[in-house]
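The values are calculated or read from the model by the stated rules, or taken from the named source; none is laboratory data. Computed from a predicted structure; not experimentally measured. All Cβ positions, glycine included, derive from the backbone under ideal geometry; neighbour counts span all protein chains shown.
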Ligand code: MTE
């Protein structure tokens with residue numbers, strides 16, 4: 001099995017398609033996640049792309065459809081943004097601990113990473129194609145071929161045109177100053193900050209401006225949220241909430257569940273992330289299961305990027321439940337319990353993150 005440029009400690013959840021996440025403690029060693037520690041979420045094998053033959057097509061409700069080579073894309077004005085990607089399935093293991101989620105990757109809390117993305121603004125490209133602002137959607141289609149229900153198809157998803165024209169969405173060819181790797185979408189991917197990771201379509205093949213959201217399987221069916229009584233047997237797909245912006249979330253990355261720690265002062269650390277371009281404003285940590293809280297120290301706030309946090313607590317001898325919760329600029333915060341959030345696809349778990357330790 002190839003390691004796809006990942007760290008030897010990378011937790012491979014699945015070799016094919018390649019799915020993995022870094023160990024929690026390593027994830028928060030860096031404000032900008034190194035490529036070797038950046039989670040990888042794939043629904044199919046990576047497509048092989050011959051750079052010389054590559055074309056990106058922009059079509060649909062545009063006056064001048066485009067077909068651009070990589071050199072033509074590289075010649076457009078380049079921007080660089082920091083943005084955190086988070087999979088809608090992040091923290092699924094906590095949902096699974098409540099009730100099984102069959103057939104989905106059991107992500108811990110590390111299906112998240114923060115990168116510097118270099119590329120072209122989607123809005124600028126669409127303006128060059130003569131798009132007219134309006135209540136439309138921009139659908140992305142990837143070059144990968146997902147084998148599901150008989151006929152292979154490319155992974156896809158859409159974002160509202162307004163978000164693209166706002167300058168929020170990038171067509172990225174660089175990640176942390178380097179060309180994208182195969183695992184992360186070489187030669188070109190969408191980066192849709194503040195939205196579920198599934199909208200950041202990799203190995204981009206075409207972009208279509210259209211009246212309705214993408215009808216791709218990964219938007220029409222998967223990545224929808226259902227109440228706890230719905231399951232694979234009784235699901236009515238169109239009724240599901242079409243996931244879009246991320247909710248506010250946070251996790252304790254160190255110490256780890258079940259750790260034995262010396263009694264006395266202990267440093268807790270982790271990440272916090274808000275969706276939709278909102279900032280994380282406050283992170284509360286608790287050493288007593290959420291009865292009392294103290295405010296964590298936060299790394300600087302940047303729109304669309306996570307904030308790393310740390311807090312110093314004093315632990316007496318015994319068993320303790322450490323908890324974290326974050327607040328965003330709209331005063332959204334995380335729900336206390338995981339049970340009401342459970343859904344059969346295992347998405348969007350943002351319940352308080354809890355870690356049990358024993359101080360000796
Ligand atoms: N794009 C394509 N073409 N195929 C995929 O399987 N996975 C999506 C998204 N883009 C996917 C894709 C999902 S679910 C997530 S969370 C992000 O890519 C993960 O990006 P990463 O692998 O670079 O971390």
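Conditions tested, residue by residue: (1) crowded, with 19+ Cβ neighbours inside 10 Å; (2) more than 10 Å from the ligand (Cβ to nearest atom); (3) without any contact (Cβ under 8 Å) to a residue 60 or more places away in the chain.
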residue: 145; (1), (2), (3): no, no, no
residue: 150; (1), (2), (3): no, yes, yes
residue: 156; (1), (2), (3): yes, no, no
residue: 166; (1), (2), (3): no, yes, yes
residue: 174; (1), (2), (3): no, yes, no
residue: 179; (1), (2), (3): no, yes, yes
residue: 201; (1), (2), (3): yes, no, no
residue: 208; (1), (2), (3): yes, yes, no
residue: 211; (1), (2), (3): no, yes, no
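Of all residues in region 64-82, those that are closer than 18 Å to residue 207 by Cβ have Cβ atoms under 6 Å from Cβ atoms of residues that are in a helix (DSSP H, G or I) and at pLDDT 95 or above, 6 or more apart or on another chain, in 70/51. The condition (being surrounded by 20 or more Cβ atoms within 10 Å (Cβ to Cβ) and over 24 Å from the mean Cα position of the chain (by Cα)) is satisfied by just one residue among 68, 141: 68.
Residues checked against (1) more than 13 Å from the ligand (Cβ to nearest atom); (2) over 17 Å from residue 38 (Cα atoms); (3) surrounded by fewer than 23 Cβ atoms within 10 Å (Cβ to Cβ):
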| residue | (1), (2), (3) |
| --- | --- |
| 102 | yes, yes, yes |
| 105 | no, no, yes |
| 108 | yes, no, yes |
| 112 | no, no, no |
| 123 | yes, yes, yes |
| 130 | yes, yes, yes |
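Quick grid of which residues meet (1) touching a helix residue (DSSP H, G or I) at 6+ places or on another chain (Cβ under 7 Å); (2) exposed (fewer than 15 other Cβ atoms within 10 Å of the Cβ); (3) at pLDDT below 95; (4) more than 30 Å from residue 164 (Cα to Cα):
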residue	(1), (2), (3), (4)
250	no, no, no, no
276	no, no, yes, no
281	no, no, no, no
286	no, no, no, yes
297	no, yes, no, yes
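When region 88-100 is filtered for residues that are within 15 Å of the ligand (Cβ to nearest atom) and under 15 Å from residue 337 (Cβ atoms), only 91 remains.
Meeting the requirement of 3 or more residues that are farther than 30 Å from residue 251 by Cα and touching a helix residue (DSSP H, G or I) at 6+ places or on another chain (Cβ under 7 Å), the helices (runs of 4 or more DSSP H) wholly within region 36-150 are 122-128. Quick one: is residue 189 surrounded by 19 or more Cβ atoms within 10 Å (Cβ to Cβ), near the ligand (Cβ under 8 Å from one of its atoms) and under 20 Å from residue 71 (Cα atoms)? The answer is yes for residue 189.
State whether one or more residues within region 341-350 are outside any loop (DSSP other than H, G, I, E, B), out of contact with any strand residue (DSSP E or B) (no Cβ under 8 Å at 6 or more places or on another chain) and in contact (Cβ under 8 Å) with a residue 60 or more places away in the chain. Scanning region 341-350 turns up at least one residue that is outside any loop (DSSP other than H, G, I, E, B), out of contact with any strand residue (DSSP E or B) (no Cβ under 8 Å at 6 or more places or on another chain) and in contact (Cβ under 8 Å) with a residue 60 or more places away in the chain. Evaluating residue 93 against the criteria (1) crowded, with 16+ Cβ neighbours inside 10 Å; (2) without any contact (Cβ under 8 Å) to a residue 24 or more places away in the chain; (3) in contact with a strand residue (DSSP E or B) (Cβ under 6 Å, 6 or more places away or on another chain) leaves one unmet condition, (3).
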